[in-house]
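**Student:** Have a look at the structure that comes next, please.
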(Lines give C-alpha, C1' and ligand atoms only; values in the text may rest on other atoms or scores of the structure.)
Protein backbone atom coordinates (compact mmCIF):
# COMPACT_ATOMS: atom_id res chain seq x y z
CA UNK A 1 0.00 0.00 0.00
CA UNK A 2 1.31 3.46 -0.91
CA UNK A 3 1.74 6.28 1.59
CA UNK A 4 -1.13 8.41 0.34
CA UNK A 5 -0.55 11.10 2.97
CA UNK A 6 1.99 12.69 0.61
CA UNK A 7 -0.32 12.62 -2.42
CA UNK A 8 -2.03 15.77 -3.65
CA UNK A 9 -5.81 15.83 -3.97
CA UNK A 10 -5.44 15.53 -7.75
CA UNK A 11 -3.29 12.44 -7.41
CA UNK A 12 -5.72 10.89 -4.94
CA UNK A 13 -8.68 11.63 -7.19
CA UNK A 14 -6.89 9.98 -10.12
CA UNK A 15 -6.37 6.88 -8.02
CA UNK A 16 -9.99 6.89 -6.84
CA UNK A 17 -11.24 6.94 -10.43
CA UNK A 18 -9.22 3.76 -10.88
CA UNK A 19 -11.20 2.16 -8.01
CA UNK A 20 -8.40 2.55 -5.46
CA UNK A 21 -10.14 2.18 -2.08
CA UNK A 22 -7.00 3.11 -0.16
CA UNK A 23 -6.84 6.45 -1.98
CA UNK A 24 -10.51 6.99 -1.13
CA UNK A 25 -9.78 6.23 2.53
CA UNK A 26 -6.94 8.77 2.43
CA UNK A 27 -9.33 11.45 1.11
CA UNK A 28 -11.89 10.50 3.73
CA UNK A 29 -9.31 10.77 6.51
CA UNK A 30 -8.05 14.08 5.13
CA UNK A 31 -11.44 15.82 4.95
CA UNK A 32 -14.09 14.06 7.06
CA UNK A 33 -13.44 15.98 10.27
CA UNK A 34 -13.41 19.47 8.77
CA UNK A 35 -16.55 18.67 6.77
CA UNK A 36 -18.26 17.22 9.83
CA UNK A 37 -17.41 20.25 11.99
CA UNK A 38 -18.71 22.57 9.27
CA UNK A 39 -22.00 20.67 8.94
CA UNK A 40 -22.43 20.43 12.71
CA UNK A 41 -21.87 24.16 13.09
CA UNK A 42 -24.34 24.92 10.32
CA UNK A 43 -27.11 22.62 11.52
CA UNK A 44 -26.44 22.35 15.27
CA UNK A 45 -27.02 18.62 15.06
CA UNK A 46 -24.13 16.16 15.44
CA UNK A 47 -26.01 13.11 14.16
CA UNK A 48 -27.33 14.93 11.11
CA UNK A 49 -23.88 16.36 10.39
CA UNK A 50 -22.36 12.90 10.54
CA UNK A 51 -25.06 11.56 8.19
CA UNK A 52 -24.43 14.39 5.74
CA UNK A 53 -20.68 13.77 5.59
CA UNK A 54 -21.22 10.04 5.18
CA UNK A 55 -23.70 10.67 2.38
CA UNK A 56 -21.25 12.96 0.58
CA UNK A 57 -18.48 10.38 0.71
CA UNK A 58 -20.77 7.51 -0.29
CA UNK A 59 -21.95 9.55 -3.26
CA UNK A 60 -18.36 10.44 -4.17
CA UNK A 61 -17.39 6.77 -4.26
CA UNK A 62 -20.46 5.72 -6.24
CA UNK A 63 -20.00 8.53 -8.77
CA UNK A 64 -16.20 8.29 -9.01
CA UNK A 65 -16.27 7.34 -12.70
CA UNK A 66 -19.15 9.64 -13.67
CA UNK A 67 -18.12 13.01 -12.29
CA UNK A 68 -15.19 15.15 -13.36
CA UNK A 69 -13.62 16.88 -10.37
CA UNK A 70 -10.93 19.50 -10.86
CA UNK A 71 -10.77 20.72 -7.25
CA UNK A 72 -11.57 17.91 -4.83
CA UNK A 73 -11.66 20.02 -1.66
CA UNK A 74 -14.01 22.60 -3.23
CA UNK A 75 -16.19 19.79 -4.56
CA UNK A 76 -16.50 18.18 -1.12
CA UNK A 77 -17.36 21.47 0.59
CA UNK A 78 -19.94 22.27 -2.08
CA UNK A 79 -21.47 18.80 -1.75
CA UNK A 80 -21.78 19.27 2.01
CA UNK A 81 -23.38 22.68 1.40
CA UNK A 82 -25.98 21.04 -0.87
CA UNK A 83 -26.74 18.45 1.78
CA UNK A 84 -27.10 21.17 4.42
CA UNK A 85 -29.65 22.96 2.26
CA UNK A 86 -31.56 19.71 1.75
CA UNK A 87 -31.49 19.09 5.50
CA UNK A 88 -32.71 22.62 6.11
CA UNK A 89 -35.60 22.01 3.75
CA UNK A 90 -36.50 18.81 5.60
CA UNK A 91 -36.25 20.61 8.94
CA UNK A 92 -38.40 23.55 7.92
CA UNK A 93 -41.01 22.67 10.51
CA UNK A 94 -38.34 22.78 13.21
CA UNK A 95 -38.82 25.62 15.70
CA UNK A 96 -35.23 26.74 15.05
CA UNK A 97 -35.82 27.03 11.30
CA UNK A 98 -35.29 30.80 11.15
CA UNK A 99 -32.06 30.65 13.16
CA UNK A 100 -30.71 27.79 11.00
CA UNK A 101 -31.68 29.66 7.85
CA UNK A 102 -29.91 32.77 9.11
CA UNK A 103 -26.79 30.77 9.89
CA UNK A 104 -26.71 29.13 6.47
CA UNK A 105 -27.49 32.48 4.84
CA UNK A 106 -24.43 33.97 6.53
CA UNK A 107 -22.31 31.13 5.17
CA UNK A 108 -23.78 31.62 1.69
CA UNK A 109 -23.00 35.33 1.88
CA UNK A 110 -19.36 34.58 2.65
CA UNK A 111 -18.85 31.72 0.20
CA UNK A 112 -21.57 31.95 -2.45
CA UNK A 113 -22.79 35.56 -2.80
CA UNK A 114 -24.93 34.76 -5.88
CA UNK A 115 -26.82 32.04 -4.00
CA UNK A 116 -27.23 34.37 -1.01
CA UNK A 117 -28.64 37.07 -3.29
CA UNK A 118 -31.22 34.60 -4.63
CA UNK A 119 -32.14 33.55 -1.08
CA UNK A 120 -32.45 37.17 0.01
CA UNK A 121 -34.61 38.00 -3.03
CA UNK A 122 -37.01 35.20 -2.09
CA UNK A 123 -37.17 36.44 1.49
CA UNK A 124 -37.82 40.04 0.39
CA UNK A 125 -40.62 38.92 -1.96
CA UNK A 126 -42.26 36.96 0.86
CA UNK A 127 -41.93 39.88 3.28
CA UNK A 128 -43.47 42.22 0.69
CA UNK A 129 -46.65 40.11 0.72
CA UNK A 130 -47.18 40.67 4.46
CA UNK A 131 -49.76 43.19 5.66
CA UNK A 132 -48.06 46.35 6.97
CA UNK A 133 -48.66 45.53 10.65
CA UNK A 134 -47.26 42.02 10.29
CA UNK A 135 -44.21 43.29 8.42
CA UNK A 136 -43.62 45.87 11.20
CA UNK A 137 -44.00 43.25 13.94
CA UNK A 138 -41.66 40.85 12.16
CA UNK A 139 -39.09 43.63 11.64
CA UNK A 140 -39.22 44.65 15.29
CA UNK A 141 -38.67 41.05 16.32
CA UNK A 142 -35.91 40.10 13.88
CA UNK A 143 -34.20 43.38 13.02
CA UNK A 144 -34.52 45.27 16.30
CA UNK A 145 -34.47 42.23 18.59
CA UNK A 146 -37.49 43.31 20.60
CA UNK A 147 -39.33 40.83 22.80
CA UNK A 148 -42.97 39.99 22.11
CA UNK A 149 -43.94 42.06 25.19
CA UNK A 150 -41.98 45.10 23.91
CA UNK A 151 -43.58 44.78 20.48
CA UNK A 152 -47.04 44.44 22.03
CA UNK A 153 -46.49 47.57 24.12
CA UNK A 154 -45.17 49.56 21.17
CA UNK A 155 -48.00 48.45 18.85
CA UNK A 156 -50.62 48.64 21.61
CA UNK A 157 -51.78 45.06 20.95
CA UNK A 158 -51.77 41.86 22.98
CA UNK A 159 -48.76 39.56 23.27
CA UNK A 160 -50.94 36.79 21.81
CA UNK A 161 -51.50 38.87 18.68
CA UNK A 162 -47.75 39.39 18.33
CA UNK A 163 -47.16 35.63 18.72
CA UNK A 164 -49.80 34.90 16.10
CA UNK A 165 -48.36 37.42 13.60
CA UNK A 166 -44.80 36.12 14.05
CA UNK A 167 -45.98 32.53 13.69
CA UNK A 168 -47.86 33.41 10.49
CA UNK A 169 -44.79 35.23 9.15
CA UNK A 170 -42.49 32.27 9.81
CA UNK A 171 -44.94 29.88 8.14
CA UNK A 172 -45.06 32.12 5.07
CA UNK A 173 -41.26 32.35 4.98
CA UNK A 174 -40.94 28.57 5.26
CA UNK A 175 -43.42 28.12 2.44
CA UNK A 176 -41.62 30.70 0.28
CA UNK A 177 -38.25 29.11 0.91
CA UNK A 178 -39.68 25.68 0.16
CA UNK A 179 -40.98 26.85 -3.21
CA UNK A 180 -37.65 28.56 -3.96
CA UNK A 181 -35.56 25.56 -2.98
CA UNK A 182 -35.30 24.12 -6.53
CA UNK A 183 -34.14 27.53 -7.81
CA UNK A 184 -31.55 27.78 -5.04
CA UNK A 185 -30.27 24.28 -5.83
CA UNK A 186 -29.98 25.30 -9.49
CA UNK A 187 -27.91 28.34 -8.55
CA UNK A 188 -25.73 26.17 -6.31
CA UNK A 189 -25.27 23.65 -9.14
CA UNK A 190 -24.12 26.40 -11.49
CA UNK A 191 -21.70 27.63 -8.84
CA UNK A 192 -20.40 24.12 -8.27
CA UNK A 193 -19.74 23.63 -11.99
CA UNK A 194 -17.95 26.98 -12.20
CA UNK A 195 -15.75 25.91 -9.24
CA UNK A 196 -14.77 22.64 -10.96
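The values are calculated or read from the model by the stated rules, or taken from the named source; none is laboratory data. Fair warning: this is a prediction, and the values are worked out from it, not measured in the lab. Ideal geometry is used to build each Cβ from the backbone, glycine not excepted, and the neighbour counts take in all protein chains shown.
**Student:** Look at segment 7-16 and say how many of its residues are more than 13 Å from residue 73 (Cβ to Cβ) and within 28 Å of the chain's Cα centre (by Cα).
**Tutor:** Final tally of qualifying residues: 1.
**Student:** Another question about this same structure. Pairs, please: C-beta under 6 Å, at least 6 apart or cross-chain, first residue within 9 Å of residue 64 (Cβ to Cβ) and in segment 5-21, second surrounded by 15 or more Cβ atoms within 10 Å (Cβ to Cβ)?
**Tutor:** These pairs meet every condition: 13/69; 13/72; 16/23; 16/24; 16/64; 17/64.
**Student:** Still on this model: Look at residue 175 and say whether it is within 19 Å of the chain's Cα centre (by Cα) and either at pLDDT below 80 or buried (at least 18 other Cβ atoms within 10 Å of the Cβ) (or both). First the steps, then the outcome.
**Tutor:** Numbers: within 19 Å of the chain's Cα centre (by Cα): yes; either at pLDDT below 80 or buried (at least 18 other Cβ atoms within 10 Å of the Cβ) (or both): yes.
The answer is yes for residue 175.
**Student:** Might you check whether a residue that is modelled with pLDDT of 70 or more, over 30 Å from residue 10 (Cβ atoms) and crowded, with 18+ Cβ neighbours inside 10 Å occurs anywhere in segment 88-106?
**Tutor:** Yes; the residues of segment 88-106 include at least one that is modelled with pLDDT of 70 or more, over 30 Å from residue 10 (Cβ atoms) and crowded, with 18+ Cβ neighbours inside 10 Å.
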